[in-house]
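This report concerns only the one structure given below.
The values are calculated or read from the model by the stated rules, or taken from the named source; none is laboratory data. Note that the coordinates shown come from a computational prediction; the quantities given were computed from them, not determined experimentally. Cβ sites come from the backbone with ideal geometry, for glycine too, and all protein chains shown count toward neighbours. Accessible surface is based on the protein model in full, side chains and every heavy atom, while ligands, DNA and RNA are left aside. Shrake-Rupley method; radii C 1.70, N 1.55, O 1.52, S 1.80 Å.
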Amino acid sequence: MSKRPEAVRKEESMLLQKRMIGDHYEALERARDEGRKVVYTFVPGNLTELMRSFDVLPVLPEINALQSGMRKLSGGYIAEAEKHGHSEDVCTYVKCDIGMLKKGNVGPTGKKLPEPDLLLLSYTGCFTFMKWFELLRQEYDCPVAMLHVPYQADGKIHDHHRDYVVEQLKSEVIPAFEQVTGRSYDEERLRASLTLSASAEDDLVWVLESAKNVPSPIDAYFGGVYYIGPMFTAFRGTEEGVEYYRTLRGEIEQRLAGGQGPITPEGELDEERYRLVVEGPPNWTSFREFWKMFYDEGAVVVASSYTKVGGLYDRGFRHDPERPLETLADYCLGCYTNLGLPSRTALLEAYIREYRADGFMINSVKSCNSFSVGQLLILRQLEERTGVPGGFIESDLVDPRYFSAANIKNRIESYLQMLEQKRAGAAGAA
Ligand code: SF4
C-alpha cells in the first residue's frame, strides 16, 4: 500500500458540494411553507434546466437510495418493501425507495421529504423507471408527465427521434409544469440555465479527462461518483454548479501540476500500479471497503461508464442555449442507459485505448438489468478487440446481502496478479 496519510483533508470542492446538498435538502424541507413545487424525477434524462426555469425543486429517488445505501439504511428499507410484497428480484433502488416511503419518507439527511407535485418520468432506456413511478403514482395524489425517449437502437440520434421528444416536451411536459406551477414557460430563463450547464460541463469533462495523464490525478470511478454528483442531480444549470466545477478543476489542475495521484479516504495514492476501466455501477453499502480493495493494490480507475449515466459529455455533447428544447432532447437520447450494447462496447473500447488502461473490470450488479444485461458479451468482445484482459465481479447497488467482501477481494487480487504476470511476461519477452 502506498499512500500518504497526511494528505487526508477536505478539499474546498468537497465542502462546497456538501453545503450545496445540505442546502438543497433544507430547501426541500421548506418547500411547502414557501409555496415551492417539488418534482420527483430520475437521473438519466433529467430535465433540470427546465425544472429550474419553473423554479421547482427536484427530488431524485436513485440519489436517495444510494445515499441510504452509504448510510447503511438501505437493508432495512429493502426488507420493508419485501414485506409489502416486492420480489427479491426487483431493482433494489426501487425497493429502497419504497421502503423509505413506507417508513415515513425521511430523506438521507434526516429531513422528511415533501410529497411530489408532479412525477416527471423521463423514460431513457430502463423499463424499471416506468414501473417505479407506477408504484409511486399509487402512493401520491399527483399528476404524472411521461417523456418517452426512443432507444438508440443503431447508435445514432436521428432527426425523427429528436422531433418526437421535442413534440412531447411541448405538448406534455411543459404544459404539465405550467399547470402545476401556475407559471408560463420562459424560454429566456431556460436559455440562461443551459448556458450555465455548458460551462460546468466543460469543466467536468476536463476533470474526467485529466485521468489520461500518467499518473492520473483522479480516480474516475470512486472519486468520479462524487465529481458527477452536482451535474447529475439538482445543480446543472445553476451558478452553484458552475462554481463547484470551477473549484474542482482548479484543485485537479494543481494535483496534475504536482504529479500527484488521486486522493483516497486514507490519503493520497502515490504509486499508480494499475490503470483500469470499470463498467457498471459501484456498490454503495460497502463503498469505502470496495474502493480500498482497489487502492490498496495501487489500482486507479481511469475511466468508467457509470460516471456517464447522466450524460456523455466527454464524447462532445454540451447543452446548447441556441436550441433549448432540441438540446434537452439530445441530452435524453444520449444517456448511457439509452445506448445499445454495440455503442456501450465501443465506448469502453475507446476508453481502454484513450486512457491507456492495463485492464478493465466489470462490476455486474444483481439489481440493474439495464447495466448488467450483455456484460459477458461486452467482456468477450473487449478482450478480443483490445487484447486487454477483463475481470468480472458481482455485487449489488444497495442490498447489503449481495456484497460478499471476501469473494470480491479475492477476485480483484487474483485479477491484478494476473495483470502483473502478464506485464512481467511482456517485459521478459522484450
Ligand atoms: S434497473 Fe438500473 S437503471 Fe433501472 S432503475 Fe434500477 S438501477 Fe436504475
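General observations
- Considering only residues in the range 181-212 that are free of Cβ contacts under 8 Å to residues at least 60 places away in the same chain and open to solvent by 60 Å² or more (accessible area, probe 1.4 Å), the one that is farthest from Met231 (Cα to Cα) turns out to be Gly182.
- Pairs are defined by a Cβ separation below 9 Å, a sequence spacing of at least 6 or placement on different chains, a first member in the range 19-36 that is in contact (Cβ under 8 Å) with a residue 40 or more places away in the chain and in a helix (DSSP H, G or I), and a second member that is surrounded by fewer than 12 Cβ atoms within 10 Å (Cβ to Cβ) and of a type in the set (Gly, Ala, Ser); the pairs so defined are Tyr25/Gly110.
- Some residue of the range 126-148 being more than 14 Å from the ligand (Cβ to nearest atom) and of a type in the set (Ser, Thr, Tyr): yes
- Applying a threshold of 8 Å to beta carbon distances and a minimum spacing of six or more residues, or different chains, the list of pairs starting in the range 130-148 at a residue that is more than 15 Å from Ala176 (Cβ to Cβ) and without any contact (Cβ under 8 Å) to a residue 24 or more places away in the chain and ending at one that is within 16 Å of the ligand (Cβ to nearest atom) and aromatic (Phe, Trp, Tyr) reads Met130/Tyr123.
- Qualifying residue in the range 216-225 (condition: acidic (Asp, Glu) and farther than 23 Å from Arg318 by Cβ): yes
- Filtered residue count, the range 289-316, keeping only those that are more than 25 Å from Glu420 (Cβ to Cβ) and not polar (S, T, N, Q): 10
- Residue match in the range 70-87 (condition: surrounded by 24 or more Cβ atoms within 10 Å (Cβ to Cβ) and under 30 Å from Ile174 (Cβ atoms)): no
- Ile378 part of a helix (DSSP H, G or I) and crowded, with 21+ Cβ neighbours inside 10 Å: yes
- Among the residues of this structure, Gly104 does not count as one that is open to solvent by less than 20 Å² (accessible area, probe 1.4 Å) and modelled with pLDDT under 95.
- Residue among Ala303, Ala299 that alone is more than 16 Å from the ligand (Cβ to nearest atom) and farther than 30 Å from Glu49 by Cβ: Ala299
- Residue that is nearest to the ligand (Cβ to nearest atom), among those in the range 403-421 that are without any contact (Cβ under 8 Å) to a residue 40 or more places away in the chain and of a type outside the set (D, E, K, R): Ser404
- Of the residues making up the range 65-89, just one is in contact with a Ser or Thr (Cβ under 8 Å, 6 or more places away or on another chain) and within 11 Å of the ligand (Cβ to nearest atom), namely Ala65.
- Residues that are more than 25 Å from Ser122 (Cα to Cα), assigned to a helix (DSSP H, G or I) and aliphatic (A, V, I, L, M) within the range 215-256 comprise Leu248, Ile252, Leu256, listed in sequence order.
- Neighbours by Cβ (under 7 Å, 6+ apart or cross-chain): first from the range 109-129, under 22 Å from Gly35 (Cα atoms) and modelled with pLDDT of 95 or more; second open to solvent by less than 20 Å² (accessible area, probe 1.4 Å) and within 12 Å of the ligand (Cβ to nearest atom): Leu119/Phe133
- Selection of first residues in the range 342-368 that are within 16 Å of the ligand (Cβ to nearest atom) and of second residues that are in a helix (DSSP H, G or I), restricted to Cβ pairs under 6 Å at least 6 apart or on distinct chains, gives the following pairs, ordered by first then second residue: Ile362/Gln375; Ile362/Leu379; Ser364/Ser372; Ser364/Gln375; Lys366/Tyr402; Ser367/Thr92.
- The listed residue being open to solvent by 30 Å² or more (accessible area, probe 1.4 Å) and of a type outside the set (D, E, K, R), out of Tyr221, Tyr226: Tyr226
- Breaking point among (1) surrounded by fewer than 21 Cβ atoms within 10 Å (Cβ to Cβ); (2) over 21 Å from Ser395 (Cβ atoms), for Asn338: (1)
- Test: Ile157 is surrounded by 15 or more Cβ atoms within 10 Å (Cβ to Cβ) and within 15 Å of the ligand (Cβ to nearest atom): no
- Lone qualifier among Arg273, Arg255 - being over 27 Å from Gly69 (Cβ atoms) and either open to solvent by less than 50 Å² (accessible area, probe 1.4 Å) or of a type in the set (A, V, I, L, M) (or both): Arg255
- Failed condition for Glu62, given (1) open to solvent by less than 10 Å² (accessible area, probe 1.4 Å); (2) within 15 Å of the ligand (Cβ to nearest atom): (1)
- Scanning the range 294-328 for residues that are closer than 20 Å to Ser367 by Cβ and open to solvent by less than 20 Å² (accessible area, probe 1.4 Å) yields a count of 6.
- Residue satisfying all of: in the range 28-59; touching a Lys or Arg at 6+ places or on another chain (Cβ under 6 Å) and among the β-branched types (Val, Ile, Thr); nearest to the ligand (Cβ to nearest atom) among these: Thr48
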